[in-house]
Amino acid sequence: MGEQILNQLVWPIIYILCIAVPVILAVAMFVYWERKVIGWMHVRMGPNKIGPLGLLQAFADVVKLLIKEVILPTSANKFLYYLAPLLALVPAMAAWAVIPFNDKMVLANVNAGVLYLLAMTSLGVYGIILAGWASNSRYALLGAMRSAAQVISYELAMGLCLVCVLVLAGSLNLTDIVHAQSGSKGIFEWFMWPLLPVFVIYFISGVAETNRAPFDVAEGESEIVAGFHVEYSGSAFAIFFLAEYANMILVSFLAAILFMGGWLSPFPSSVPFLGQGSFFWLFAKAFFFAFLFLWFRASFPRYRYDQIMRLGWKVFIPITIVWVLVAGCMKYFGWVSIGTGG
Amino acid sequence: MIDPSVFQLVCFYAFAAVTVVAALGVITLRNSVHAVLSLVLTFFSTACIWLLAEAEFLAIALIVVYVGAVMVLFLFVVMMLDIKQEHLREGFIRYLPVGIVVAVVMLVEMLALIGVRTMHEAVMGANPATAAGLSNTQWLGQALYTQFLLPFEIAALILTVGVVAAVALTLRHRGGTRHQTAAQQVAVKATDRVRIVKMAAERPATDAPAQTQNPETKP
């Protein structure tokens, strides 16, 4: 009886902590890495005072934010004001449940994994909208409106990109999707080759969906000061920050899993040692995509709002719809051998 | 100790209770944003109940489509409205009889449906997805795209017509609005915008030294 409680309750909680704690630590180091990288790109030093090479900067920031006061704006909606950061954080963390780190390491190996991810990522927008509305501030409301329209538009393109992957893989299970990309030719077995336009669109949509530069009109610090979280301070702001960065890392992992073979090695399986699949490969690929987020931020000016909408609705969605048909033909007529697992 | 079927039953009642309370909140809360959020909670707990009933595709589709998209737009609109909250209570008694009639009709319909289902239990048979040994999503996909392809395509066509009609009805071309043509913007060359003029860095020495003094410095 005690063993049953252990199996049903204690172990899942330990597994969840094994994912959630590294994600939070990864966010801290990702923030540090972002400031360093952008510093180097601007020919600055970046944080270098706290700890060796400034490594403890993120933790110092966390402590600073936690001991700051959370100020409630005048006639703000108190309940929703405090609820909004949690609504942003919970889906961002919950989505990690279905991410497979390698063949065996997955918390919930569910059949409808991709659908679950779509559901979770579509919930994150509530945190942003409610934060904007509950703050009782014009700037925050403007940011919330921009963000809502943008996230919904790019979710469509993202969903259609996922459909292309599903058609080739023939499964909604993320582990099966990775297995469909296995084969003797290593990197050439990945979905990024037959689905190259979709792959690019997926990642750009991911950048837009997480409200990151150059699509960060929801924050737009030069126009609407900081958008939806302008009124938030202290730990409430820290939670928004955590959710945003956890989402960025999630999008990076998803791009690696869906299009670049997850934990599979880029080398042919005949190569000794390097040809073996391992979660180090997954981390390396995800790190590359996470780095792209920072590279974009340091390189591109912010898009104008109407250009963002035009790009989403008039460029991305038509291309992905056409590519769904192309992917269907690839699968039906057997134009490509990728996805058959051979 | 924890019997799975008992646990499932407890979960069902918990989700059902949340659904009912949230649905009551939709029609009783004074703040319209709270009411919309209550509706979101209703959808969410309904999805949980559907998951218990092993209708995983419908449950997640409910969250993706209704919670993730439709309700966000709904919230969007409600936040933009400036509703005087005291006016919302007016007409409650006046519309009460209509409400009761609608509620009674719905109750009768639901009871009839439950009766039909229990009577036809033998006819309808077990869950076809589990009978075929497939996951719910897979079975639903196969049924929709093979057996029910024509109705499915007709439904898709009707929805597309609906979207086009909605856009056509609300689209008004106002005069005097300015549009940008992206194709023209992309086709712009540097020479269209900037003229590079070559000139010496200093004036030639022969030039008369006009206005060497600042004209502002008057006594």
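Details
- Any hit, the stretch A:71-88, residues being over 30 Å from B:Ser38 (Cβ atoms) and either within 14 Å of chain B (Cβ to nearest Cβ) or buried (at least 16 other Cβ atoms within 10 Å of the Cβ) (or both): no
- Helices (runs of 4 or more DSSP H) within the stretch A:222-337 that include 3 or more residues within 14 Å of chain B (Cβ to nearest Cβ) and at pLDDT below 90: A:305-310, A:317-333
- In the stretch A:29-53, residue modelled with the highest pLDDT [restricted to those that are surrounded by 14 or more Cβ atoms within 10 Å (Cβ to Cβ) and more than 28 Å from the chain's Cα centre (by Cα)]: A:Ile50
- Filtered residue count, the stretch A:34-82, keeping only those that are under 21 Å from A:Arg297 (Cα atoms) and touching a residue at least 40 places away in the same chain (Cβ under 8 Å): 5
- Each residue in the stretch A:124-148 was checked for being more than 8 Å from chain B (Cβ to nearest Cβ), surrounded by fewer than 22 Cβ atoms within 10 Å (Cβ to Cβ) and among the aliphatic types (A, V, I, L, M), and 1 pass.
- Residues of the stretch B:135-173 classified as among the hydroxyl-bearing types (Ser, Thr, Tyr), within 30 Å of A:Asn109 (Cα to Cα) and surrounded by 10 or more Cβ atoms within 10 Å (Cβ to Cβ), total: 3
- Matching helices (runs of 4 or more DSSP H) fully within the stretch A:29-143 where at least 3 residues are farther than 21 Å from A:Asp216 by Cβ: A:57-67, A:78-94, A:113-123
- Top-ranked residue in the stretch A:55-70 [being among the charged types (D, E, K, R), over 24 Å from the mean Cα position of the chain (by Cα) and modelled with pLDDT of 85 or more; ranked as surrounded by the fewest Cβ atoms within 10 Å (Cβ to Cβ)]: A:Lys64
The values are calculated or read from the model by the stated rules, or taken from the named source; none is laboratory data. Bear in mind that the values here come from a model prediction, so they are computed numbers and not experimental data. No Cβ is skipped: glycine too gets one built from the backbone with ideal geometry, and neighbour counts run over all protein chains shown.
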